[in-house]
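No lab work stands behind these numbers, since they all come straight from the coordinates. Being a predicted model, the structure only gives us computed values, none of them experimental. Quick reminder, even Gly has a Cβ in these numbers, built from the backbone with ideal geometry, and neighbours come from all protein chains shown.
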Amino acid sequence: MPTPQREPLRRLSRAERVTLHRIASSTSERVDQVRRATALLAVARTGVFIHAAREAGLRSGTTVADLVARFNRHGLAAVCIARGRGRKPTYTPSARAQIVATAQREPDRRTDGTATWSLSTLQRTLRQRGFPRVGTSTIRRVLRDAGSSYQRTRTWCPTGTAQRKRKSGVVTVVDPQTEEKRGLIDLAYRIAEAMGIPLWCQDEAGPYQAIPQPGQSWQREGKPRCQPHEYIRGGTAKLLTLFRPATGEVRAKGVPRAPNVVLHPWLKDELLQILAALPDPTSHRIEFPAAADWATWLGHLPHLPLPPLRLILIWDNLAGHLSSSIVTWLFAHGVMPLYTPLSGSWLNLAESLQRIIRGRALNGQHPQTVAQVITWLEDAVLGWNANPTPFEWDGKRRARRIRAKQRRLGDSVALTNHQLIAA
C-alpha cells in the first residue's frame, strides 16, 4: 500500500531542478546525496513516494516522505546530511572560504613552486599558511563543494578572427564572410550527398618529423617500449589528403613539401579520377535536383556558362587555394570549392581524419628518414581504406551534447528544443 502523502513536494524552482539533476547524474558526489536528489526528482515527476524510493534505492516511502518534508522547509540543504548527524566538520566556513580563495588566486612560481595548482602543491602552501594537517582529500572535497573541478586546459579561438604580425605590430584580422562560409559548409554537409553531389574535403597534414614520436602501446608489465635519448633529425614530410566523409574513402600521397606546384597537379589528377567514375552529366537519364545548381552555393546565377555541378570541395583559405588558375580549373570541371573562414579549420573534416591517420602510423614509432615517414603514412591510409569509417555531420556526439545541455537547463525536451535549435 503506498505511503500516504502527509506533505506533498512543493514546486521546484529552475535553479533547484538544475542542481538536483547535476547531483543525481554526478559520479563524484556522495552516494547518499545522489540518492536523495534522485528521490526528489522522482517525486517531482511521479508524485508517488514508494516509486521514488525504489528508483533511488531508499528503504521505504516513509524515508522519502521525511526527505520531502525536510526539503520543503530547508530547500537544497535537505540533500546533505541533516543537522546534528554524521561527523562534525573539521573546518569552519571561514576556513573553507580561505582554502577556496587560495586555490583561485594565481600561484607564484618562486614562492609556491608552480604555475598551476595541483592538490599536492596546494596542500603544501596551505600547510605553510595555518592549515598544518589539511589533506588532499579535504581540499578536493572543499573545492568541489565550491563548484570547481580539475580540468584540462584547451586552446580556443573565435571563428572568423586571427592574429597576424605586421610591420606595425600584431593586428587582429577579421573575415567578414565568416557566417556565410560557415553556413554554406554546414548546408553542404547536410544535403550535398543526399542531392547526389559527392562532397570531398582536402587538406595538407603535417609537417611530421623523422624523430622518435610519443605514443602509448600495450607492452609486457615492466617492459615499456623505449626510445633513444639522442637522435638525428631526418627531415619532415607532409600528407596530401582528399577525404569523402559520407563513405570514409581517403586518397592521400606523402610528400617532403607541399607547394602549389606539388599540390595542384596531384589534386587535379585525383579529381579527374573521381569525376570519371561519376555518371555522365550529359546523359538525359540523369536528373539533378533543383537545389543542385551553382546558384545554391554561389549565392547568384553564374556570370559565365558553367558545366553541370558535379562535386563539392571543402578546403582551407590558403592563398594558393585562391589562385585564379586552380579556381578556373575547378569551375570548368564542375567542382564547387567552399573555403573555411579564418580559424575555422574545425569545419574541414579532413583534419579530423588526419589526426587518426597520424596516430595509427606514427604513435610510439621512431622513423629514421622522410621516406620512412611517407611510407608509414601511406600504409596507414591503405589500412584505413580496407575498413573505412564514414564521418557523420551532426552525428551522435552532437546529439549527446544536446542532451547534456538539456540536463543542464533542467527542463523537458519540449521546452528547450526551440532554444537549442536557435543556438
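Summary table below
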item	result
FRET efficiency for Glu29 and Glu106, using Cβ-Cβ distance with R0 set to 22 Å, rounded to 0.05	0.15
DSSP loop chymotrypsin sites (Phe, Trp or Tyr not before Pro) with at most 10 other Cβ within 10 Å: longest gap in the chain	219-423
Volume per residue of the C-alpha convex hull in the range 177-255, rounded to whole Å³	188
Degrees separating the helix 136-145 axis from the principal Cα axis of the chain, which is the longest one	80
Kirkwood hydrodynamic radius of the range 83-129, Cα pairs, Å	12.0
Extension gain (nm, one decimal) between Ser118 and Ile232, 0.36 nm per residue minus Cα-Cα	37.5 nm
Rg ratio (alpha-carbon, reference 2.2 N^0.38 Å) - the range 168-211	1.83
For the range 178-386, radius of gyration divided by Kirkwood radius, i.e. Rg to Rh on alpha-carbons	1.04
Alpha carbon convex hull of the chain, projected area averaged over orientations, nm²	33.0
Gained length - Leu278 relative to Arg397, 0.36 nm times residue gap less alpha-carbon distance	39.7 nm
Antiparallel bridges, percent of DSSP beta bridges restricted to the chain (to nearest 5)	70
Descending principal axes extents, the range 289-374, alpha-carbon based, whole Å	53, 25, 24
Karplus (6.51, -1.76, 1.60) ³J(HN,Hα), θ = phi - 60°, over the range 227-237, in Hz, Gly and Pro reported as x	10, x, 6, 10, 7, 10, 5, x, x, 10, 9
Cα-derived Rg to Rh of the range 14-79, Kirkwood definition	0.92
Debye equation applied to the C-alpha atoms of the range 136-235, log10 I(q)/I(0) at 0.13, 0.14, 0.19, 0.23 Å⁻¹	-1.08, -1.08, -1.04, -1.22
Orientation-averaged projected area, Cα convex hull of the range 195-234 (nm²)	6.0
Relative contact order for the range 1-105, counting Cα pairs under 8 Å that sit 6 or more residues apart, in percent	25
Largest-first principal axis extents of the Cα set of the range 1-145 (Å)	66, 28, 23
Residue of Val134, Val79, Val64 that the Gaussian network model of the chain assigns the largest fluctuation, springs spanning Cα pairs under 10 Å	Val134
